[in-house]
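Enquirer: This is the structure, below, for whatever I ask next.
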Amino acid sequence: MKISRADVFWNYGATFMRVASALVVLPLILKMLPKEEVGLWTVMIGLNSMIYLLDFGFFQTFSRAVTYVYSGAKELKREGFSPIEGEVELSYSLLKGVLLSMKRYYSAASSILLLLLFTGGVFYIDRLLEGYSGDRERALIAWFWYGVLLCYQFFTYYYDAALTGRGMIKRSRQIIVLSQTIHIVVSSILLIAGMGIISLVIGQSLATLLNRFLASRAFYDAKTRERLKNAESHDWRVILKTLFHTASQNGLASLSWIFTNRVLAILGALYIPLSFIAPYGISKQITDITITLSLVWFSTYYPKLTGEQIRERVGEVKRIFIKAQLIALSIFISSALFVITLGDSLLTFIGSNVPLLSRGLLLLLFVASLLEAITQLSTSYLMSRNQVPHYKAQSITAIASLLLLLFALNVSDEGVLMLILIPMLVQIAYQHWRWTSRVIKELKIVPRDYLNGIKSIYKSIPVFKDDSNNNKQNKHCK
């Protein structure tokens, strides 16, 4: 699987458009919407976490399965993989079975999401809007419209997994650039026209519809459609059962990240006034954007790293991982310093109704996010081998974070501080050091490797050797 500089360029372009969405739309949100609507929109964005809860780890598992198929795999295993040597023909029968299993799973899961929206979602929004001083009817319309949109996004979620797994980074990011442009333009115009929070829902709806249409056209090109049509599909039920082993473990691991980074904020909104949640929500969005920016290079090359794993090219895997760490660290620190130094001034300049968190809380939030980014790199490497050794520990982390936060919110008036501090400390206790140290040990990374990594970034020269004698070291992949 070949990943070019054009793929990296378009991945950064797509990420820039997400950032542009914040740079263009967010200032309008802060200026045109009252604090309560900003707080409500922050909670609605948190609803995206429901997608990841119901996905239960299948997105990454499906995407990895597609990568294995396009790398030449003829079968899928519950754990690990069968190494591939040389060039082999793509199995369209296996690909067709994988795609069918993806469609069946996301169809069922989106139906569950829709049911949750019109049952538990009704009680939640009623509680959330107690004492709401704004337009209650408009808030309800925005809430349920956005919920239905999330159901549709999840129903078509497999398009993203298929494109990423196939290594079509450039095309998928071009689609994101176009759809995000639509989102920015439409939402901005409607916000200026005074349509309030509904503006954001309309813009996101049009962008999503365009994204899914173009993604489907991109993946199912003429050759793929013809070969899939003539192929006899592997039993999708068997494939789904096979993938469920790793997906379920991945799902449990994902719950930890979701609870400590998304759901806890929704829970906190029940204890902390929306006017106080708003600065936290805006600051959290900015740190999340910073994480995304720092991991763009790694996400671009992740399909290649997965393909190199199945071909047992340890040297190339090591090179990609180290370079990803260095790039992520440099981008994150630079972005954090910029926001901490100039963030408040920029918000004041645009006339924002909502400030960032205080400098001390903002710095703490960036530290917590940096630790998340580093850990995410390491766990992603582990999952590229179709193994999820960290799922038990992350499940325990999620439970501990939830219980401790509930206790803290009931006994402390420092609600926002607790939202940041407790999840970070719970993860530092194990998660944030265990998996990175394991990867360093398995790849036998030494300080000199990081020096070579820096040279490879600035001089663009190959400095890691793919020693065939060392390729046998990772027999644990088998």
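No value in this document is a laboratory result; all are computed from the given coordinates. Model, not experiment: these values are computed from the prediction. In this analysis, Cβ positions are derived from the backbone assuming ideal geometry, glycine residues included, and neighbour counts consider all displayed protein chains.
Enquirer: Expected output is a single nm value to one decimal: the length gained when fully extending between residue 12 and residue 275, i.e. 0.36 nm times separation in residues minus the C-alpha distance. What is it?
Expert: That works out to 91.3 nm of additional length.
Enquirer: Among 364, 243, which comes first, then next, by fewest other beta-carbon atoms within 10 Å?
Expert: Ranked by crowding around the Cβ, least crowded first: 364, 243.
Enquirer: What order do you get for 276, 407, 58, 332 when you list them from fewest to most C-beta neighbours inside 10 Å?
Expert: 407, 276, 332, 58
Enquirer: Another question about this same structure. What is the fewest-to-most order of 390, 234, 245 by other Cβ atoms lying within 10 Å of their Cβ?
Expert: Values: 390 24, 234 20, 245 15.
Listed from fewest to most nearby Cβ atoms, that is 245, 234, 390.
Enquirer: So what does log10 I(q)/I(0) come out to for the chain at q = 0.07, 0.11 Å⁻¹, using the Debye formula with one equal point on every Cα and no solvent?
Expert: Debye intensities relative to I(0), on a log10 scale: -0.37, -0.95.
Enquirer: I've got another one for you. Let me have the 222 nm mean residue ellipticity of the chain computed from DSSP H runs of 4+ only, each contributing -39500 (n - 2.57), with the sum over all residues rounded to the nearest 500. Write out the running numbers ahead of the final one.
Expert: Values: 22 runs with 361 residues, N = 478.
Mean residue ellipticity at 222 nm (helix-derived): -25000 deg cm²/dmol.
Enquirer: With a Förster radius of 30 Å, plug the Cβ-Cβ distance of residue 333 and residue 403 into 1/(1 + (r/R0)^6) and report the FRET value to the nearest 0.05.
Expert: 0.40
Enquirer: Let me ask something else about it. Which entries of 103/318; 77/392; 96/323; 74/223; 96/223 have Cα-Cα distances beyond 24 Å here?
Expert: Going by Cα-Cα distance, 103/318; 96/323 fall outside the 24 Å limit.
Enquirer: Here is a follow-up. Any idea how far apart residue 31 and residue 135 come out in nm if each label point goes 7 Å out from Cα toward Cβ?
Expert: Once both label points are built, they end up 2.0 nm from each other.
Enquirer: What are the ³J(HN,Hα) couplings of segment 238-248, residue after residue, when phi is run through the Karplus curve with 6.51, -1.76, 1.60 and θ = phi - 60°? Round to Hz, x for glycine and proline.
Expert: Once rounded to whole Hz, the list reads 5, 4, 4, 5, 5, 6, 4, 4, 6, 4, 5.
Enquirer: If I take R0 = 30 Å and measure r between the Cβ atoms of residue 451 and residue 107 in this structure, what FRET efficiency does the formula 1/(1 + (r/R0)^6) give, to the nearest 0.05?
Expert: After rounding, the FRET efficiency stands at 0.05.
Enquirer: Could I have the simple spin-label model distance between residue 367 and residue 75, label points 7 Å from Cα toward Cβ, reported in nm to one decimal?
Expert: Going from the residue 367 label point to the residue 75 one covers 5.1 nm.
Enquirer: Oh, and also: What does the extension gain come out to for residue 241 and residue 341, with contour length at 0.36 nm per residue minus their alpha carbon separation?
Expert: 30.9 nm
Enquirer: So how do 119-132, 295-308 stack up, highest first, on mean other-Cβ count within 10 Å?
Expert: 295-308, 119-132
Enquirer: Taking 0.36 nm per intervening residue step and subtracting the Cα-Cα distance, what contour gain separates residue 127 from residue 148 on full extension?
Expert: Here the answer is 5.6 nm.
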